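Student: Okay, here's the structure, questions in a sec.
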Amino acid sequence: VVAVGEVGLDLYHSKDFSDEQVRMFQAQIELALEYDLPLILHCREAFDLLWECLSAYKSDSRLRGVWHCFDGSLEQAEKMMAAQFEISISGIVTYKNATELQDVISKLPIERLLVETDCPYLAPMPKRGRANEPAYVDYILTYLSSLLQKDKLELARQTSENTRRLFAF
């Protein structure tokens with residue numbers, strides 16, 4: 001076991017069970033802290049509440065992790081990075097209508113980025129609409145290298161190093 005996750009809050013479809021989600025999320029945070037493991041965070045339409053939950057543990061140096069499938073703002077990313085969370089980029093960044101996300105990601109340090117596929121969802125262009133798979137991470141890296149104006153192999157090396165550091169392997 002290298003992490004606790006995917007955990008977090010999702011208020012996209014309904015807020016009806018937000019109290020239950022918060023209780024479960026707090027228990028999952030405490031589990032991660034007990035075993036000194038990073039969290040893999042899911043956050044959909046719930047950043048303020050998620051941040052409130054995490055802030056209750058901000059004095060604990062073991063609190064760390066990654067915002068899986070990042071789709072937030074620059075301010076949110078900066079808050080999370082200051083709280084020892086990395087930012088994971090999925091196929092969403094390759095979508096034509098993701099210009100705000102692309103702008104945010106272009107301002108983030110590559111030393112804090114991970115790359116993921118979120119199988120079987122969110123396949124990158126040109127595979128959008130198909131089931132996602134690990135091989136498609138190459139499309140994300142290709143897109144990111146252009147967006148960030150970085151060599152693709154250097155970006156792959158850095159994001160791999162970031163992943164190894166986070167998960168301690």
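The values are calculated or read from the model by the stated rules, or taken from the named source; none is laboratory data. Since the model is a prediction, treat every value here as computed from it, not as a measurement. As a convention, Cβ positions derive from the backbone with ideal geometry for all residues, glycine included, and neighbour counts pool all protein chains shown. Remember, those area values only see protein heavy atoms, side chains included, never the ligands or the DNA or RNA. Shrake-Rupley method; radii C 1.70, N 1.55, O 1.52, S 1.80 Å.
Student: Could you list all residues from segment 82-98 that are in a helix (DSSP H, G or I) and either in contact with a Phe, Trp or Tyr (Cβ under 9 Å, 6 or more places away or on another chain) or closer than 13 Å to Tyr143 by Cα (or both)?
Tutor: Gly91, Ile92, Val93, Thr94 - these are the residues of segment 82-98 that are in a helix (DSSP H, G or I) and either in contact with a Phe, Trp or Tyr (Cβ under 9 Å, 6 or more places away or on another chain) or closer than 13 Å to Tyr143 by Cα (or both).
Student: Still on this model: Restricting attention to segment 128-139, which residues are touching a residue at least 24 places away in the same chain (Cβ under 8 Å) and open to solvent by less than 70 Å² (accessible area, probe 1.4 Å)?
Tutor: Matches in segment 128-139: Asn132, Tyr136.
Student: Let me ask something else. Yes or no: segment 123-143 includes at least one residue that is small (Gly, Ala, Ser), at pLDDT 95 or above and in a helix (DSSP H, G or I).
Tutor: Among the residues of segment 123-143, at least one is small (Gly, Ala, Ser), at pLDDT 95 or above and in a helix (DSSP H, G or I), which makes the answer yes.
Student: Quick one: which residue in Glu34, Glu75 is of a type outside the set (Phe, Trp, Tyr) and closer than 20 Å to Val104 by Cα?
Tutor: Glu75
Student: Confirm whether Thr142 is open to solvent by 20 Å² or more (accessible area, probe 1.4 Å), polar (S, T, N, Q) and either farther than 24 Å from Leu9 by Cα or within 13 Å of the chain's Cα centre (by Cα) (or both).
Tutor: Yes.
Student: Tell me which residues, restricted to segment 74-100, are of a type in the set (A, V, I, L, M) and open to solvent by less than 20 Å² (accessible area, probe 1.4 Å).
Tutor: Residues satisfying the conditions are Ala77, Met80, Ile87, Ile89, Val93, Ala98.
Student: Mind listing just one residue for me: the one in segment 1-57 that is of a type in the set (D, E, K, R) and part of a loop (DSSP other than H, G, I, E, B) and, of those, least open to solvent (accessible area, probe 1.4 Å)?
Tutor: Checking each candidate, the answer is Asp36.
Student: Quick one: in segment 58-79, which of the residues that are in a loop (DSSP other than H, G, I, E, B) and among the small types (Gly, Ala, Ser) is nearest to Arg164 (Cα to Cα)?
Tutor: Step by step, filter segment 58-79, then rank; the result is Ser61.
Student: OK, next. Quick check: anything in segment 108-121 at pLDDT 95 or above, touching a Ser or Thr at 6+ places or on another chain (Cβ under 8 Å), outside any loop (DSSP other than H, G, I, E, B) and closer than 25 Å to Ser18 by Cα?
Tutor: No; the residues of segment 108-121 include none that is at pLDDT 95 or above, touching a Ser or Thr at 6+ places or on another chain (Cβ under 8 Å), outside any loop (DSSP other than H, G, I, E, B) and closer than 25 Å to Ser18 by Cα.
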